[in-house]
Structures are given as structure tokens and as C-alpha cells.
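Derivation of every value follows stated rules applied to the coordinates shown; laboratory data play no part. What you are looking at is a predicted structure, and each value in this text was computed from that prediction instead of being measured. Here Cβ is always computed from backbone atoms with ideal geometry, including for glycine, and neighbour counts include all displayed protein chains.
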């Protein structure tokens, strides 16, 4: 890896903090927007009178406000990370505690962006993988909250990965195409085998699409590593939660965050990890 200019890494982190602030809004509002859309569609199909969704609600309107006192958040109270520190983690109006998730999301987004900038250096690859990283972070948080991987996020990123790899930005186009196909079909096959054996759904269709997305960006070569890492981390996480009595054995758990983390690692360092493993077992 060539030495990267720290100015670019610092700029990427600042940009990531700003994007992280937006992701907080996206993660909170998008599921509600989708629910309102589904409710409106059901209302129309059933021919029910009245407006089922109420006032306009999107990523821009209404303005952000404190969830406790509904006081609108002023611009200087919405500076990524800094506002939380200056306000000491409390609303400026009602003094109720602000969830630590907001600054942690901003910090995570900033650090992820800095890592991508450091890894790729200034160029189109860094910009593209930053966009992928932001999308994966948003989808992971939504999946944790709602066990939902919205098509409105997954599918555009899947197609974008194929488009970018049509000029071999990260991998050759055939690898990306087969990555998308194999990614989807592998989990689809597991889903139906599990369903036929148990009569239960083992995962959601969003997981198929997410793995297809990762294959479209990183090629089919990253899929075995992604599945292995995500499965191991998922099992370990589930066992820890079970041991701490946070969940029951039959409690559904989102698999999307584990796929996203493993896939992100594979996109950045998949080749190096594979080479290290092959050398360790004497195949290289």
C-alpha cells in the first residue's frame, strides 16, 4: 500500500461525520416512510376513505426535533459529534439524555470513511467504496431495529456496483456479475433447504439481495469468506446474547449486519486475507 496523504484521510473522516449525521435521520425516518407508503397502498386497495398517512413526512420534513420535548433542533445543536459533546449528551431545551447511538453512528461513519481513504488513496475507488460503506452502515442499523433491509437502499447499490465494475473499478465485470448471481442464489438455496426441512423461514429475502450486492462490488471471490466470517460472528454474537439472557433461543436475529461487516472487510482486504490463509496452510 502506498503512503496516503493524511489530508485526504482527514477530509474523508470529516465528510464521514457529516454523512453519519444524515444517516441518523435516514435510519430513523426511512422505515417510517416505508410503513406510511405501505399503509397508503393497503388503504387504496381496500377502498377505505380518509387519509391514512397524515402530514408530509420524508427525509427533509418535518425538521428534526428532540424526541422527548419535540423542540426543533437548531443548526448549531446538530454539528456532528461536537454538538453532543458541547451539550454533554443532553437536549438543550428539556435536558433529557440524548441517545449515545447518534454520536456513535457519526463516529463510526467517520472512522469507516477514513479507513477507506487510507486504504485506497485519493481516487474513484475510495469514493465508490465510501458510498458502499455508508449504505452498508445504514442498512445494518435499520436491520438491527426493524429486521428489514429496504430494497430502496439495497437494489440501487447492487446496480451501482455492477455499473462501476463495468469499467473494472474494483473487479472485472464477469466476476461482479457472477458475484451477484451466486450471492443471491447461495442464500436463496439455503433458505429453501431450511424451509423444506423445518417448515420455518431461516432468513429474510433482504439477506439474499445484500449478499448479491456484496458480490456485485467485490466479485464472486469474496463470497466464501463473507459467508464464513458472517456466520462465525453471527453464531458467536447469538451465543453471547443467549448466555446473557438478552434473547430466547427462538428469537429472530438480523443477519444483515454480520453480512455487511464481513463483506466490507472482504471488499477491502479479501485478497490479503486469502493469501495469508493459503500461505499459512502451505498452499502458496
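Comparing mean-square fluctuations of 220, 192, 178 from a GNM of the chain with C-alpha springs under 10 Å, the top value falls on 192. Each label was represented as a point 7 Å from its Cα along the Cα-to-Cβ direction; for residue 272 and residue 111 these points are 1.7 nm apart.
Please label the shape of the chain as rounded, prolate or oblate, based on the square roots a ≥ b ≥ c of the eigenvalues of the alpha-carbon gyration tensor (a/c under 1.5 means rounded; beyond that, a/b larger than b/c means prolate, else oblate). Taking the square roots of the gyration eigenvalues as a ≥ b ≥ c, the chain is oblate. Ellipticity at 222 nm from helices only: DSSP H runs of n ≥ 4 in the chain, each -39500 (n - 2.57), divided by the residue count, give -23000 deg cm²/dmol. Listed by Cβ neighbour count within 10 Å, with the fewest neighbours leading, 232, 158 appear as 232, 158.
Over all pairs of different C-alpha atoms, the stretch 123-284 has a mean inverse distance whose reciprocal, the Kirkwood radius, equals 16.3 Å. Expressed as a fraction of 2.2 N^0.38 Å, the value expected for a compact globular protein of N residues, the C-alpha radius of gyration of the stretch 1-122 is 1.38. Under the simplified labelling scheme, the residue 192-residue 79 pair shows an inter-label distance of 5.6 nm, with each label point 7 Å from Cα along Cα→Cβ.
When you restrict to C-alpha pairs under 8 Å that are six or more residues apart and normalise by the size of the chain, the relative contact order lands at 17 percent. Across the stretch 1-122, the relative contact order, built from alpha-carbon pairs under 8 Å that are at least six residues apart, equals 47 percent. Here the residues 130, 11, 139, 203, ranked from fewest to most Cβ neighbours within 10 Å of their Cβ, fall in the order 11, 203, 130, 139.
Annotation: extensible slack from residue 244 through residue 88 equals 53.1 nm (criterion: 0.36 nm per residue apart, minus Cα-Cα distance). The fewest-to-most ranking of 186, 113 by surrounding Cβ atoms within 10 Å reads 186, 113.
Distance between the pseudo-spin-label points of residue 43 and residue 233 (7 Å out from Cα toward the beta carbon): 4.0 nm.
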